[in-house]
Amino acid sequence: MKFSVFQLSRLGGREKNEDRMGYCYTRDAGLFVLADGMGGHPDGEVAAQIALQSMSATFQRQAKPKLPTPSTFLATGLMAAHHQIIRYASERGLLDTPRTTLVAGLVQSGELHWVHCGDSRLYVVRDGALLTRTRDHSYSEAQAKAGASLEGINRNVLFTCLGSTVRPMFDVAGPLRLAEGDKVLLCSDGLWGSLTDEQIVSVLSASPVADAVPAVVEMALQAAGEHSDNVTVLAFEWETPADSGFQHSGFTETELMSDDVFASTIQAGLDPLMDEMDEEAIERSIAEINEAIQRTKNHTP
């Protein structure tokens, strides 16, 4: 594999940044992940970090150096991340669970596969045009798809996420055969909430990702003003030619890596990743959290 990658996260007008992003790869497969911790719930940044750590750990265990079935990995990896967030809440006795969106792109054998839950997005741009993007799990996107009016609809209201006590909904898509020069962008809603798809595609198409990512992030911050959300973007260009001059800006070539080498930018900054939970343990944890929430409601004056 040969690709150029660049990532950037800016705080905006918020008190803290709950977005997390990173990527990891073996010789034959690459995983790119972005999560946006949800406000209104505790420890959103923790949920986002757990999601990245869990996806990365699952990838490291299974990519030897290829994944047997990319779509299965994406689905099971996302659910493993959800389970780890539930366990985190249960072991700490939290009355509410930390929650996060997740979008992940996987490249293997020259093909792109992706999964998403919530409203963090993945865009694929080819020859200056939008080839495809994810569709948000939000009421506003559902209304738009149905051709209904968006008046009075809050775009921030999602109907699924990781960490909820309800099993998350998610979409797995692909494979998409990548062509040389294709650009893939993952972002939080701080980007697309301030810019149109056309603006995002235009900036991404105009220059290498090392220049396009800072430019589009700054454009989103300026458009949103002092109340801007966190803006986080991770983008890569596929099969960048070796003589393109991009080597200084995140150029990666995996051809000479051995089978057992694993590289990652995802930091394990929390507790060591816990063993996976079985379904019975997950249901017990969810029941305990729901019981704690109900007890709190019953004792509210």
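Tabulated data
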item: Residue under evaluation Ser140, criteria (1) surrounded by fewer than 22 Cβ atoms within 10 Å (Cβ to Cβ); (2) modelled with pLDDT of 95 or more, criterion not met; result: (2)
item: Test: Val33 is among the β-branched types (Val, Ile, Thr), in contact with a Cys (Cβ under 9 Å, 6 or more places away or on another chain), in contact (Cβ under 8 Å) with a residue 60 or more places away in the chain and surrounded by 18 or more Cβ atoms within 10 Å (Cβ to Cβ); result: yes
item: Qualifying residue in the range 41-52 (condition: buried (at least 17 other Cβ atoms within 10 Å of the Cβ), among the charged types (D, E, K, R) and modelled with pLDDT of 90 or more); result: yes
item: Single residue of Glu15, Glu45 found to be part of a loop (DSSP other than H, G, I, E, B) and among the acidic types (Asp, Glu); result: Glu15
item: Pairs with Cβ under 9 Å, 6+ apart, first in the range 85-112 and on the phi > 0 side of the Ramachandran plot, second part of a strand (DSSP E or B) and of a type in the set (Phe, Trp, Tyr); result: Gly110/Trp238
item: Hits in the range 67-84 (condition: in a loop (DSSP other than H, G, I, E, B) and either without any contact (Cβ under 8 Å) to a residue 24 or more places away in the chain or closer than 11 Å to Gly163 by Cα (or both)); result: Pro68, Thr69
item: Check on Leu8, surrounded by fewer than 24 Cβ atoms within 10 Å (Cβ to Cβ) and in a loop (DSSP other than H, G, I, E, B); result: no
item: Residue in the range 100-109 that is in a helix (DSSP H, G or I) and crowded, with 21+ Cβ neighbours inside 10 Å present; result: no
item: Residue satisfying all of: in the range 236-267; in contact with a Lys or Arg (Cβ under 6 Å, 6 or more places away or on another chain) and either of a type in the set (A, V, I, L, M, F, W, C) or modelled with pLDDT of 85 or more (or both); surrounded by the fewest Cβ atoms within 10 Å (Cβ to Cβ) among these; result: Glu253
item: Residues satisfying the stated conditions in the range 23-61, i.e. touching a strand residue (DSSP E or B) at 6+ places or on another chain (Cβ under 9 Å) and on the phi > 0 side of the Ramachandran plot; result: Asp43
item: Residue match in the range 17-31 (condition: touching a Lys or Arg at 6+ places or on another chain (Cβ under 6 Å) and closer than 21 Å to Asp182 by Cβ); result: yes
item: Breaking point among (1) touching a strand residue (DSSP E or B) at 6+ places or on another chain (Cβ under 7 Å); (2) modelled with pLDDT under 95; (3) of a type in the set (Gly, Ala, Ser), for Ser149; result: (1)
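The values are calculated or read from the model by the stated rules, or taken from the named source; none is laboratory data. Source: prediction; values computed, not measured. Cβ atoms come from the backbone with ideal geometry, glycine included; neighbour counts cover every protein chain shown.
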